[in-house]
Amino acid sequence: MDSLLAPPQGPHSLTLRPMVISDTSTVRIRLSERPGPVLLTLDGQDAFDMKEGDIVVLRKYKKHDLKIISSPTRDYFGLLREKLKFGARD
C-alpha cells in the first residue's frame, strides 16, 4: 500500500487514531505556541526539544524503499505471542 502512517505516541484515548496519508503527500506541522516543554520523538528513539515556530515535515524518503526481512526460523505471530505474553497466566 502506497501510504505514510503517523501514529500518535501513547494514545490513551480511543479518539487518538493514526493518520494515514498518501505517500505523495507532504505534511507540515508548525509549533505555533509553546505552553511548556515540547519534545519531538522520532520512531520512539531520539527526542528533540522544539521551539515556537519550528516546523516538522513528514514525507516519503525517496532514496530507497523499506525492505522487510523475515527469518525462516522464527514465526512472526509466535514472536508476537512471546513478546506480548498472549495466553500466559500470571
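Please treat every number below as a calculation from the coordinates, not as lab data. Computed from a predicted structure; not experimentally measured. Counting neighbours? That spans all protein chains shown, and the Cβs are built from the backbone with ideal geometry, glycine included.
Would you confirm, using the coordinates I've provided, whether ARG81 is in contact (Cβ under 8 Å) with a residue 24 or more places away in the chain and surrounded by 10 or more Cβ atoms within 10 Å (Cβ to Cβ)?
no
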Pull up the stretch 1-26, narrow it to residues that are of a type in the set (Val, Ile, Thr) and touching a strand residue (DSSP E or B) at 6+ places or on another chain (Cβ under 6 Å), then point me to the one that is surrounded by the most Cβ atoms within 10 Å (Cβ to Cβ). ILE21
Using the structure shown, decide if LYS83 is more than 16 Å from the chain's Cα centre (by Cα), within 28 Å of ASP2 (Cα to Cα) and among the basic types (Lys, Arg). no
Go through the stretch 27-66 and count every residue that is surrounded by 10 or more Cβ atoms within 10 Å (Cβ to Cβ), over 18 Å from GLY10 (Cβ atoms) and of a type in the set (A, V, I, L, M, F, W, C). 3
Can you list residue pairs whose Cβ atoms sit under 6 Å apart, with the first residue in the stretch 1-21 being under 24 Å from LYS67 (Cβ atoms) and without any contact (Cβ under 8 Å) to a residue 40 or more places away in the chain and the second being hydroxyl-bearing (Ser, Thr, Tyr) and surrounded by 11 or more Cβ atoms within 10 Å (Cβ to Cβ)? Count only pairs 6 or more apart in sequence or on different chains. VAL20/SER3
Strands (runs of 3 or more DSSP E) (entirely within the stretch 6-85) containing at least 1 residues that are polar (S, T, N, Q): 19-22, 39-41
Tally up the residues in the stretch 40-80 that are closer than 26 Å to MET1 by Cα, out of contact with any strand residue (DSSP E or B) (no Cβ under 7 Å at 6 or more places or on another chain) and not β-branched (Val, Ile, Thr), please. 22
